[in-house]
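For reference, the structure is listed below as structure tokens.
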Ligand code: IMP
């Protein structure tokens, strides 16, 4: 197995957690490279549900290194709670590593996010409220607090002084520097044993020939550069983000796997050309249990969108696609796949760049008959109904990508291989 990057090809929630969990078995280390506790990866093991926000999903295997790279924004309180929650289930994180360069989400970031969302009114992004955008904004503005700063009282005190005075002038925020200093030094003390130069660590591991798995959070359409801006998250979600978010060169990446749900979902505001209103949307929402792992918000549901698949294949350089949650379509009489958009009478094959297009375009659909069979217990390719194979084949053709694995069941081990 080469060094693999796994990314979402839609608006997040494609089922990457399970894919990572399954690939982690044959990896030596799982590395997060962007996002923060806005992400929520759910893995079900023997009926027990595990939700990860910051800790890489490989944590469920003893002896695998779990690495949080510099591109992640870390809320230390969330991270400590997550470590504690795993410990309470007898999962000890002996091999957790946290980049000293990762930026820290502070309480004022969450408050800033709230204020900005309120001010946007109708145009709000529908963020997860985890302080992600403001933490990345402080990083880009070169005043952010980094994990290493939590270990240095003088540095942290000075950064807090500068930041609190800035945000007091800007939004009238009033936080006690003394209290924050005390609280965050305490977090630093608790996290110190995990803090290291993760770029050095990952590069060394690769030199030793270890198998690395780079775990993307969110999805391509939420990428700050390549997504449906401004309705995006604030990091580089695409595969290239693994290089900057970990400190490795692009030549080190062996393979990029995309994960797509057999339909599409989105949480938060923003354009969604294939969104379905009404009964079918409800079937997908309930059948797929489409409620956010982080916020519990119901997800908007829609038909599979081939335009965004082609786009995700391009901007990520996908080698292969993994299709999840196909069983959720079992009940449907008819299934649609969007193959292009129409805007003012013009056919659009490539994902458009302007918000105006996404908001006003009409999806062009191909319609297929549903397979109307319970597929959730199917274990081998030969048992797949003919129509499900046709559906898969059509998605492969549209995306120009092979599909070698799919899931028909939320259980951890249940991935079906295709040849
Ligand atoms: P933020 O990342 O909290 O700033 O939210 C920005 C947008 O990204 C919102 O539409 C969120 O709903 C969406 N988002 C962030 N993280 C996830 C995720 O893990 N899954 C799905 N959507 C997400």
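When DSSP beta bridges are restricted to pairs lying wholly in the stretch 189-331, around 50% turn out antiparallel. Peptides 92-101, 23-32, 110-119, ordered by how many other C-beta atoms sit within 10 Å of their residues on average, highest first, read 23-32, 92-101, 110-119. Scale the Cα Rg of the stretch 103-191 by the rule-of-thumb value 2.2 N^0.38 Å and send over the ratio, two decimals. Taking N as the residue count of the stretch 103-191, the ratio is 1.10.
Could you tell me how many degrees, from 0 to 90 and to the nearest 10, lie between the Cα long axis of helix 386-399 and the main elongation axis, the longest principal axis, of the Cα atoms of the chain? Approximately 60 degrees, to the nearest ten.
Here the chain carries DSSP beta bridges of which approximately 40% are antiparallel, counting only pairs with both residues inside. Classify the stretch 131-250 as rounded, prolate or oblate from the Cα gyration tensor: take a ≥ b ≥ c as the square roots of its eigenvalues, call it rounded if a/c is under 1.5, otherwise prolate when a/b beats b/c and oblate if not. Oblate, since a/c reaches 1.5 and b/c is not below a/b.
Using the 10 angstrom Cβ neighbour count as an exposure proxy, how do 44, 328 rank, fewest first?
44, 328
Pairs of alpha-carbon atoms within less than 8 angstrom and 6+ residues apart define the contacts here; what relative contact order does the stretch 103-191 have, in percent?
Across the stretch 103-191, relative contact order equals 28 percent.
Summarising the strand pairing of the stretch 1-155, around 40 percent of its internal DSSP beta bridges are antiparallel.
P(r) for the chain, from all Cα pairs and a bin width of 10 Å, is 5, 23, 32, 25, 12, 4, 0 %, short bins first.
Distance from the C-alpha centroid of the stretch 359-419 to that of the stretch 223-290: 19 Å, rounded to the whole angstrom.
Between residue 152 and residue 255, 0.36 nm times their residue separation minus their Cα-Cα distance comes to what? Please list the in-between numbers first.
Numbers: separation 103, 0.36 × 103 = 37.08 nm, distance 3.87 nm.
That pair, residue 152 and residue 255, stretches by 33.2 nm at full extension.
Of the residues 16, 373, the one with the fewest other Cβ atoms within 10 Å heads the list, and the complete ranking is 373, 16.
Taking the convex hull of the alpha carbon positions in the stretch 12-170 and averaging its projected area over all directions gives 10.6 nm². With no solvent and one point on each alpha carbon, what is the Debye value of log10 I(q)/I(0) for the stretch 64-132 at q = 0.19 Å⁻¹? For the requested q values the scattering log ratios are -0.83.
Segment residue 124..residue 334, full-extension length gain: 72.2 nm, with 0.36 nm per residue of separation and the alpha-carbon distance subtracted. For the chain, the longest principal axis of the Cα atoms and the long axis of helix 153-171 meet at an angle of about 70 degrees.
Computed from Cα positions, the angle between helix 76-88 and the longest principal axis of the chain comes to roughly 70 degrees.
Neighbour counts of C-beta atoms inside 10 Å place 338, 66 in the sequence 338, 66, starting with the fewest. Checking the a/c ratio against 1.5 first, then a/b against b/c, what shape does the Cα gyration tensor give for the stretch 45-99? It comes out prolate by the Cα gyration axes. Calculated on C-alpha atoms, the gyration radius of the stretch 260-417 divided by its Kirkwood radius gives an Rg/Rh of 0.95.
Readers should treat all values here as calculations from the given coordinates under stated rules, not as data from a laboratory. All values reported here derive from a predicted model rather than from experimental measurement. FYI the Cβ positions are ideal-geometry reconstructions off the backbone, even for glycines, and counts take in every protein chain you see.
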